[in-house]
Each structure stands twice: as C-alpha cells, then as structure tokens.
Amino acid sequence: MEHGILLAGFGGQGILFAGKVLAQTGLICGKNVSWLPSYGPEMRGGTANCNVIISDSEVSSPIVTMPQILVCMNGPSYAKFAESTQKGGYIFVDGAMVGDDELMEPAGEITQVSIPASQMSKLANMVLIGCMVRVSELATWDELEEGLKKAVPARKREMLDANLSALKLGWDFC
Amino acid sequence: MAEKVLMKGNEAIAYAAVHAGCRYFFGYPITPQTEIAAYMAKNLPKAGGVFLQAESEIAAINMVYGAAGAGARVMTSSSSPGISLKQEGISYIAGADLPCVIVNIMRAGPGLGGILPSQSDYFQATKGGGHGDYHMIVLAPSTIQEMVDITVEAFDLADKYRMPVMILGDGILGQMMEPIELNIAKTPEIIAKPWATTGTQCKRKKNIINSLNTNAPELEQWNIARQKRYDEVIANEPRAKTDIEGADVIFSAFGTSARICKTAIELLAEKGIKAGLIRPITLFPFPVYAYKDVKKPIIVVEMNHGQMVEDVRLAAPNVRVGFYGRSGGMVPIPADIVDYTLKFINEGLSEIV
C-alpha cells in the first residue's frame with residue numbers, strides 16, 4: 001500500500017511544514033516515507049508544493065505526479081492539480097480560499113472535501129491535515145499528534161499548542 | 001529497533017561527514033546544496049572543527065588543498081556552476097595526491113542554468129573537469145540513507161587512494177527528506193598519513209605537497225605512479241546495484257533517475273513486461289562488471305542528454321542501447337519512460353545489435 005500525497009498552495013501557507021507533519025506521522029506508523037519540497041523560485045511567494053509518500057514498501061520515485069491525496073490551499077493549485085488525482089483518491093480544499101464555483105465535479109470515485117480551514121484558524125494547514133488524515137484513515141489521532149510533536153523543532157516549542165489545536169479542529173470537523 | 005530520524009539529503013551528508021571525522025569544511029553558498037554548509041556552520045565547531053565560508057568557490061577549494069595537505073579530513077560542497085569554478089583546484093589536489101571529499105548537488109546547466117535538479121555534470125565528474133591525467137572516485141547515492149553510508153566511505157576511499165572523491169547527487173536528493181538510522185553503523189577507517197605536512201619536529205625529512213615539477217622524466221613517473229593507483233581503484237572499487245533476473249529489458253540509471261526507473265518498472269510489470277535495473281553506485285570507476293552478462297537491450301535514463309550512454313555502450317557492446325532523458329530541471333516522468341520503453345521494445349527486442 002502506497003499513498004502519494006500532494007500538498008499545494010501559496011508560499012507561506014505552511015505547505016512544507018504540513019508535509020513534514022505527515023512524513024513524521026508516517027514514520028511513527030512504521031512506514032517508509034519521503035518528503036520532497038518544491039524549492040524553486042516559488043518559495044519566495046508564488047505557489048509552493050510538497051510531495052509526501054507514505055508506503056509499506058521502499059519508496060521508488062519520490063515525485064508525486066498522480067496523487068492519491070491532494071490538499072489544495074488556494075484556487076491556482078486546485079486548477080493545476082485536481083485533474084491529476086487518482087481514481088478512488090481524495091481531494092481536500094480550503095473552502096475559504098477556493099470558491100464552490102471553482103470546484104469541478106469529482107469524477108472516478110474521488111472523494112472531495114471542502115472545509116473553510118482558513119476561516120476556522122490562522123493555521124489552516126493544520127486544519128486541513130487534521131481533516132485529511134481522519135477521512136483518509138492515514139493514521140490514528142495519537143499517531144498524528146505524535147507526528148506533529150516530532151515535526152515542531154525544539155526552538156519553536158511555543159508553537160506546538162496552537163498547531164495542535166488547529167489539527168484537532170480539523171480532525172473533529174471531519 | 002534502531003532510532004530513525006527524518007533528514008534532508010544535504011543534512012545527511014554533513015551529519016555523516018562529521019561522523020567520518022571531517023573537521024574542516026570550506027564552502028560558498030549555492031542552491032540546492034546550502035544546507036550542507038548550514039549544518040557544518042552549526043555543528044563543526046561543536047565537534048572541535050572549523051567551518052569557514054570562503055569568499056568564493058575558488059578560495060574554498062584551495063583551502064581544502066591546504067587542509068588536505070596537512071593531513072586533515074576535509075570537505076567542500078557546491079552545485080554545478082560552483083563545481084565548475086573549483087576545477088582548477090581539483091586538478092591541483094589530484095596532482096598533489098591529496099585526499100578530500102567534494103560534494104556536487106547538481107542543478108541544471110550549462111552556464112548558470114537553473115536551480116532545479118539535473119545530472120548533467122556526469123562528464124565533468126567522471127572524465128576529469130580540470131586539466132591533466134587525473135580521476136576522482138565518483139559516488140552516486142540514490143537514497144538519503146545511502147548518502148550517509150557513502151559519505152563515510154568517501155573519506156575512507158580518499159585517504160586509502162590519496163585522491164579526491166566526489167559525491168554526486170542532484171537537487172532532489174539534496175532537498176528531499178527520508179528516514180535515516182541515527183546511529184551510523186560504519187566506523188571510519190582512520191589511517192596514518194606520513195606524507196602530510198604536519199611539522200618535522202626536527203625528527204624527519206620535510207614533506208612537500210606540490211603538483212609542480214619542471215623535470216619531465218620525473219613528472220612522468222609521478223603520473224605513472226598515479227595511474228597505477230587508478231588501476232587499483234578500477235580493479236577494487238566498482239560497484240553497482242543489479243536486479244536483472246528474468247528481465248526482457250534493462251534500465252540503467254544512477255541517483256534519482258534510478259528511483260524513477262523503479263516506479264517505471266512497477267508500471268511495466270502491470271503491463272506484463274519484466275524490466276530490470278542496473279544502478280551504478282560508482283560512476284568512476286564505472287561498474288563494467290555489472291553489464292558483462294547482459295543479453296537484453298538496455299535503456300539508459302538520465303536527467304541530461306545521455307552522458308552515461310557511452311560508458312554503458314562500452315560496458316555492453318553487444319546489446320542495443322536506448323536513451324530517455326530530460327534536462328533543464330525537468331524530471332523524467334515514469335509514464336513517459338514506460339511509453340518510451342514500449343516504443344523501444346516494438347522496434348525489436350533482438351538480443352544482439
């Protein structure tokens with residue numbers, strides 16, 4: 001079993017950090033994981049995306065071209081990536097950033113979830129991840145919480161509680 | 001179970017270098033390898049070492065020359081355009097028979113190119129980017145764990161053969177994170193360096209570190225002695241990861257491209273085609289042995305325009321060799337490799353050219 005996850009949004013929305021939380025969670029679940037950021041000029045304020053693979057077997061290509069799980073934090077990334085989502089996969093969108101009129105009718109048994117993440121919290125990335133992990137059954141709450149704790153570096157410990165609350169907000173919403 | 005931590009490839013190289021006994025790092029920042037310098041800046045002083053951000057790549061490689069001459073384990077790192085700047089220094093280091101480790105986290109070229117991943121420095125790394133008859137041992141990891149293991153080994157190989165060793169990665173390997181074993185299993189093999197300029201203490205004749213010799217017969221002898229060491233390297237050190245049992249077609253790729261090939265192999269299996277993989281781990285010495293018994297066509301996949309193809313052709317002269325590659329920071333997509341493979345197969349799977 002392998003999950004290819006693509007997280008996309010603007011630079012500064014915490015896309016790469018959200019990916020780290022997922023990768024750490026996968027590691028806690030005893031899986032093979034890889035985390036690959038887009039590190040191009042987009043890091044300085046354009047679009048940012050992050051590829052995370054969580055797999056039972058060794059990770060081959062670390063690049064996610066057809067995600068099983070897509071998380072979009074803005075309209076442009078939804079427009080760019082939604083159609084590449086695999087059959088039977090999931091799309092999660094920040095409904096406060098992507099209007100219902102921008103959403104396509106999900107084809108091929110794709111589960112599409114829109115939640116107003118950035119209205120619910122300043123840490124919309126965590127809200128979306130909380131929701132996504134629960135709906136896709138990627139990990140249990142305890143594993144996800146542990147993953148977040150591992151992803152927050154010691155020098156930013158004071159950020160842990162706020163992130164944890166946002167994560168729980170998303171988890172409980174879905 | 002051994003503790004595993006997530007680490008970026010760049011950090012993993014630096015982490016392993018400190019474990020290997022590297023105590024001197026000289027570098028100049030360039031994307032996508034700057035995390036190596038950042039890690040060293042933070043951690044080398046704690047280990048009693050010296051981190052120095054030089055005024056340029058050229059200065060950095062010449063500082064490496066100095067520290068290596070004094071017998072220290074020393075490393076520099078850069079990315080493609082910066083490695084080009086270092087070539088003169090690398091040639092001098094090779095000419096003075098000094099061990100050191102040079103990391104190239106390749107980005108797209110030529111020229112200033114772009115910051116995205118590439119493998120287009122294969123020729124420069126394996127055929128000698130600087131002047132003169134010299135080689136570096138070139139190691140090409142394809143996972144973050146392998147970056148750790150190979151880095152420790154790189155220092156040992158450099159000391160053993162008294163020559164520069166290059167770790168050749170790309171922007172993807174430098175930037176991506178994967179779990180690594182926090183405990184590095186391999187103990188560095190620290191050997192005596194009686195040739196190093198450590199001060200005579202008035203007890204021995206002075207050692208001289210130099211590549212200049214205007215006495216032609218003598219300089220030729222220096223070259224011959226060096227070539228003999230290269231022969232030993234070619235005899236003892238080639239390595240590759242090979243999985244070609246029962247395969248109808250065989251990919252050959254290094255680093256990130258080898259991983260992308262593995263995904264293509266999975267996709268081909270779904271179509272009933274069994275594909276194999278020969279992944280060179282040493283690019284110099286090229287693992288000729290791995291191709292010896294190959295009877296099926298080979299497809300070379302690289303993030304460049306086919307630089308490894310000629311080495312594969314030389315190693316496997318009797319089979320058809322195809323090539324698929326992307327460049328400029330574009331990365332091969334497994335589905336496109338599959339399309340190429342199907343076309344390649346339809347053109348005939350004859351065993352012999």
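Brief remarks follow.
- Of all residues making up the range B:41-91, the number that are touching a residue at least 60 places away in the same chain (Cβ under 8 Å) and of a type in the set (Val, Ile, Thr): 1
- Filtered residues of the range A:148-171 (kept if within 16 Å of the chain's Cα centre (by Cα), within 14 Å of A:Gly130 (Cα to Cα) and of a type in the set (Gly, Ala, Ser)): A:Ala166, A:Gly170
- Taken together, the residues in the range B:164-200 that are on the phi > 0 side of the Ramachandran plot and exposed (fewer than 10 other Cβ atoms within 10 Å of the Cβ) amount to 0.
- Within the range B:120-162, if we keep just the residues that are of a type in the set (Gly, Ala, Ser) and modelled with pLDDT of 95 or more, the residue that is most open to solvent (accessible area, probe 1.4 Å) turns out to be B:Gly132.
- When each of B:Lys271, B:Lys203 is tested for being on the phi < 0 side of the Ramachandran plot, out of contact with any strand residue (DSSP E or B) (no Cβ under 6 Å at 6 or more places or on another chain), modelled with pLDDT under 95 and away from chain A (no Cβ under 14 Å), the lone residue that passes is B:Lys203.
- Pick from the range B:224-251, criterion within 26 Å of B:Asp156 (Cβ to Cβ) and charged (D, E, K, R), ranking: nearest to the other protein chains (Cβ to nearest Cβ): B:Lys241
- For the range B:302-338, a residue qualifies if it is assigned to a helix (DSSP H, G or I), of a type outside the set (Gly, Ala, Ser) and in contact with a helix residue (DSSP H, G or I) (Cβ under 9 Å, 6 or more places away or on another chain), and the qualifying residues are B:Asp311, B:Val312, B:Leu314, B:Pro334, B:Asp336, B:Ile337, B:Val338.
- Residues located in the range A:104-115, provided they are part of a loop (DSSP other than H, G, I, E, B) and open to solvent by 40 Å² or more (accessible area, probe 1.4 Å): A:Met104, A:Glu105, A:Pro106, A:Ala107, A:Glu109
- Residue list for the range A:50-83, filter: more than 10 Å from chain B (Cβ to nearest Cβ) and open to solvent by 30 Å² or more (accessible area, probe 1.4 Å): A:Asp56, A:Gln68, A:Pro76, A:Ala79, A:Lys80, A:Phe81, A:Glu83
- Evaluated against (1) surrounded by fewer than 18 Cβ atoms within 10 Å (Cβ to Cβ); (2) in contact with a helix residue (DSSP H, G or I) (Cβ under 9 Å, 6 or more places away or on another chain); (3) not aromatic (Phe, Trp, Tyr), A:Met132 falls short on exactly one condition, (1).
- Considering the range B:274-302, the residues that are more than 14 Å from chain A (Cβ to nearest Cβ) and of a type in the set (D, E, K, R) include one that is nearest to B:Lys228 (Cα to Cα), namely B:Lys292.
- Residue match in the range A:15-33 (condition: within 14 Å of chain B (Cβ to nearest Cβ), surrounded by fewer than 21 Cβ atoms within 10 Å (Cβ to Cβ) and without any contact (Cβ under 8 Å) to a residue 24 or more places away in the chain): yes
- Of the residues making up the range A:149-167, those that are of a type in the set (Lys, Arg) and open to solvent by 80 Å² or more (accessible area, probe 1.4 Å) are A:Lys150, A:Arg155, A:Lys156, A:Arg157.
- The lone exception for A:Asp161 - which of (1) touching a residue at least 40 places away in the same chain (Cβ under 8 Å); (2) assigned to a helix (DSSP H, G or I) it fails: (1)
- Being under 25 Å from B:Gly129 (Cβ atoms) and aliphatic (A, V, I, L, M) is a property that B:Ala47 lacks.
- Scanning the range A:17-52 for residues that are at pLDDT below 95 and of a type in the set (A, V, I, L, M) turns up A:Met43, A:Ala48.
- Count of residues meeting criterion [open to solvent by 90 Å² or more (accessible area, probe 1.4 Å) and within 25 Å of B:Val64 (Cα to Cα)] in the range B:209-230: 3
- Residue within the range A:1-11 that is part of a strand (DSSP E or B), within 11 Å of chain B (Cβ to nearest Cβ) and among the acidic types (Asp, Glu) present: yes
- Looking only at residues in the range B:252-268 that are closer than 24 Å to B:Ser118 by Cβ and open to solvent by 10 Å² or more (accessible area, probe 1.4 Å), the one that is farthest from the other protein chains (Cβ to nearest Cβ) is B:Leu267.
- Identification of helices (runs of 4 or more DSSP H) wholly contained in the range B:26-119 with 2 or more residues that are over 30 Å from B:Arg259 (Cα atoms) and open to solvent by less than 10 Å² (accessible area, probe 1.4 Å) yields B:57-69, B:87-95.
The values are calculated or read from the model by the stated rules, or taken from the named source; none is laboratory data. These numbers come from a predicted model, not from an experiment. Reconstructed Cβ throughout: ideal geometry from the backbone, glycine too, with neighbour counts over all protein chains shown. Surface areas here come from the heavy atoms of the whole protein model, side chains and all, with no ligands, DNA or RNA. Shrake-Rupley method; radii C 1.70, N 1.55, O 1.52, S 1.80 Å.
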